[in-house]
Amino acid sequence: MVKEERLRIRTAQREGIEIAKSQGKFKGGMKKYHARTTGKDKVIFDRIVQLLVSGMSVMDIHREVDVARNTIYRIKRELNFETSN
């Protein structure tokens, strides 16, 4: 009984999300570090870019800046850096 109700709720939620996506209303979470950000986040973004340009590895950047490696890889991808590291 409880499993069926949970399944019904999840199905309705999934359908609602699909409808919202088709209408352009569901965009997911906002990115914290990007080129157009401001304040402290911009300083961190610029530092990550500077370290990527200098050739530092993603793991070393992660340790220095204390930002998730996936975020650094995303920035690296967005800026079209070589994937040598």
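A search for C-beta distances below 9 Å between a residue of the range 48-64 that is over 14 Å from Glu78 (Cα atoms) and any residue that is basic (Lys, Arg) and in a helix (DSSP H, G or I), counting only pairs 6+ apart in sequence or on different chains, returns Val58/Arg69; Val58/Lys76; Met59/Arg69; Ile61/Arg47; Ile61/Arg69; His62/Arg69; Glu64/Arg47.
Just one of the numbered conditions (1) modelled with pLDDT under 90; (2) part of a helix (DSSP H, G or I) is not true of Asn70: (1).
Quick one: in the range 1-54, of everything that is under 18 Å from Asn80 (Cα atoms) and out of contact with any helix residue (DSSP H, G or I) (no Cβ under 9 Å at 6 or more places or on another chain), which residue is surrounded by the fewest Cβ atoms within 10 Å (Cβ to Cβ)? Give the steps one after another, and end with the answer.
First, the residues of the range 1-54 that are under 18 Å from Asn80 (Cα atoms): 31, 33-36, 45-54.
With out of contact with any helix residue (DSSP H, G or I) (no Cβ under 9 Å at 6 or more places or on another chain) added as a condition, the list becomes 46, 50, 53-54.
On the way: Asp46: 13, Gln50: 11, Val53: 10, Ser54: 8.
Filtering first and then ranking leaves Ser54.
The values are calculated or read from the model by the stated rules, or taken from the named source; none is laboratory data. Owing to the predicted nature of the structure, the values given are computational and were not obtained by experimental measurement. Here Cβ is always computed from backbone atoms with ideal geometry, including for glycine, and neighbour counts include all displayed protein chains.
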